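Written out below as structure tokens is the structure these notes cover.
The values are calculated or read from the model by the stated rules, or taken from the named source; none is laboratory data. Note that the coordinates shown come from a computational prediction; the quantities given were computed from them, not determined experimentally. Cβ: placed from backbone, ideal geometry, glycine included. Neighbour counts: every protein chain shown. Just the protein is used for accessible areas: all its heavy atoms, side chains included, with ligands, DNA and RNA removed. Shrake-Rupley method; radii C 1.70, N 1.55, O 1.52, S 1.80 Å.
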Amino acid sequence: MHVCSGGEEARALPFSKEGAQRASSHRSYRLVVVAVLASVFAVGGLVSNPTPVAAAGKKVVIVVGPAGSNTSNYIYNAKKLAAQARGYGATVYEIYSPRATWARVKAYAQGANLFIYLGHGNGYPSPYGAFSKYTKDGLGLNAYDGSSSHKYYGEYYVDRYIQFAPNAVVILNRLCYASGNSEWGSANPTKSVAIKRVDNYGAGFLRTGARAVFAEGISSAAYILYSLFKTSRTIGQTFWAAPSRSGAYDFTFASLRNPGKVAIMDPYAPSRYYRSVIGDLGMPAASWRGG
């Protein structure tokens with residue numbers, strides 16, 4: 001089995017553009033922009049029952065699934081996002097490998113205003129056969145409490161068992177497939193394949209109460225938190241506020257999986273699909289804060 005890895009550079013320089021994410025070991029159009037994540041310190045198994053310690057506010061849930069040698073790097077960056085959100089007054093729950101089981105994530109994700117996931121991605125289309133709603137386009141979590149191995153919970157589980165707060169936002173960070181990208185070392189996707197990957201990965205999450213799904217394959221998601229908590233930007237404007245934005249090859253497309261939703265993809269070079277957002281691009285941050 002093949003895994004994609006950011007290598008030493010990605011670990012030394014978290015979220016650098018040159019470092020790619022580690023992802024699944026299971027193999028897992030320009031329209032006008034439409035006017036249309038208290039803390040769980042589960043690192044190392046220190047806490048078994050997460051409890052919030054921050055002041056009441058927006059509910060932010062941050063999950064890090066097992067990602068082999070990159071797990072500690074992902075946790076490091078997740079903690080930075082947690083501190084940022086907590087600094088804005090959010091109630092933050094952190095659920096980290098090896099305690100990031102489906103049962104725990106499912107319980108704490110309910111009613112979240114912002115849900116952030118870092119870990120393996122198992123998307124579709126991929127080199128691994130037919131689509132399965134049970135394993136594709138969801139979360140790669142610990143197979144059991146304390147395990148370093150992962151088990152995929154696909155869009156079926158996300159759609160059926162998780163209900164976020166109205167106007168919630170989802171961030172998929174450092175995954176393969178979610179932003180249209182391929183696994184590290186694999187051939188770059190065609191545009192049509194990348195579009196399908198973004199549409200499919202967003203599909204289940206957009207049926208949970210979420211209004212938008214951001215995918216940042218190799219860059220920090222901190223700018224999204226800042227926009228949601230501190231600005232009047234729309235989802236589309238937030239996407240273009242990213243320090244890593246390119247704009248040289250961007251395009252938008254209408255979702256087939258969730259009619260009425262629109263996506264933006266912003267490859268920094270042809271076939272280099274590491275940034276996307278799909279959902280209600282015109283939703284302002286004020287609606288998220290009031291959700």
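For segment 68-160, what % of the accessible area comes from carbon and sulfur atoms, probe 1.4 Å? Mind dumping the intermediate values first?
Details: 1720 of 3250 Å².
Here it works out to 53 percent.
Of LYS58/LYS196; LYS59/LYS136; LYS191/LYS261; LYS59/LYS79, which sit over 21 Å apart, Cα to Cα?
Numbers: LYS58/LYS196 32 Å; LYS59/LYS136 26 Å; LYS191/LYS261 19 Å; LYS59/LYS79 15 Å.
Where the Cα-Cα span goes over 21 Å, the pairs concerned are LYS58/LYS196; LYS59/LYS136.
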Heavy-atom accessible area with a 1.4 angstrom probe orders TRP184, TRP102, most exposed first, as TRP184, TRP102
Under-5 Å amide H pairs with LEU281, H placed in peptide plane, nonlocal only: VAL262
Could you give the accessible area per residue of segment 96-195, probe 1.4 Å, as a whole number in Å²? 34
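What does the convex hull of the Cα atoms of segment 137-291 come to per residue, in Å³, rounded to a whole number? All intermediate terms of the calculation are to be shown ahead of the outcome.
On the way: hull volume 18.3 nm³, N = 155.
Given the Cα convex hull of segment 137-291, per-residue volume reads 118 Å³.
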Whole-Hz Karplus couplings 3J(HN,Hα) for segment 134-143, θ = phi - 60° and coefficients 6.51, -1.76, 1.60, Gly and Pro as x, run 7, 10, 9, 6, x, 10, x, 10, 4, 4
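Roughly how many percent of the accessible protein surface of segment 178-233 is carbon and sulfur, given a 1.4 Å probe and a whole-percent answer?
On the way: 890 of 1710 Å².
For segment 178-233, the apolar C and S fraction of the accessible surface comes to 52 percent.
Let me spell out the model: positive unit charges on the Cβ of Lys and Arg, negative unit charges on the Cβ of Asp and Glu, origin at the Cα centre of segment 233-286. What dipole size does that give, in debye rounded to 20?
Details: 6 positive and 3 negative charges, 18 e Å.
About 80 debye.
What ranking of ASP145, ASP266 comes out by heavy-atom accessible area, probe 1.4 Å, highest first? Let's see the in-between values first.
Values: ASP145 75, ASP266 5 Å².
Result, largest first: ASP145, ASP266.
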Per-residue HN-Hα couplings for segment 169-180 [Karplus 6.51, -1.76, 1.60; θ = phi - 60°; Hz; x = Gly/Pro]: 10, 10, 10, 9, 10, 6, 8, 7, 6, 4, 9, x
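Once fully extended, how much extra length lies between ALA241 and TYR156, figured as 0.36 nm per residue of separation less the alpha-carbon to alpha-carbon distance?
Working: separation 85, 0.36 × 85 = 30.60 nm, distance 3.20 nm.
Here the answer is 27.4 nm.
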So, with points 7 Å from each Cα along the Cβ direction, the ALA286-LYS80 label distance in nm works out to 3.2
Mind listing the phi-derived Karplus ³J(HN,Hα) values for segment 72-77, rounded to whole Hz, using 6.51, -1.76 and 1.60 with θ = phi - 60°, and x for any glycine or proline? 5, 5, 5, 5, 4, 6
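By accessible area of protein heavy atoms, probe 1.4 Å, what ranking do ASP159, ASP137 get, highest first?
Values: ASP159 55, ASP137 0 Å².
Ranked list, largest accessible area first: ASP159, ASP137.
Taking the inverse of the average 1/r across all pairs of different Cα atoms in segment 208-291, what Kirkwood radius in Å do you get?
On the way: mean 1/r = 0.0765 Å⁻¹.
Its Kirkwood hydrodynamic radius stands at 13.1 Å.
Would you work out the charge dipole size for segment 171-291 about its Cα centre, treating the Cβ of every Lys and Arg as +1 and the Cβ of every Asp and Glu as -1, and quote it to the nearest 20 debye?
Working: 14 positive and 6 negative charges, 35 e Å.
For this selection, approximately 160 debye.
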Where does segment 120-211 land on the Kirkwood hydrodynamic radius, alpha-carbon pairs, in angstrom? 13.6
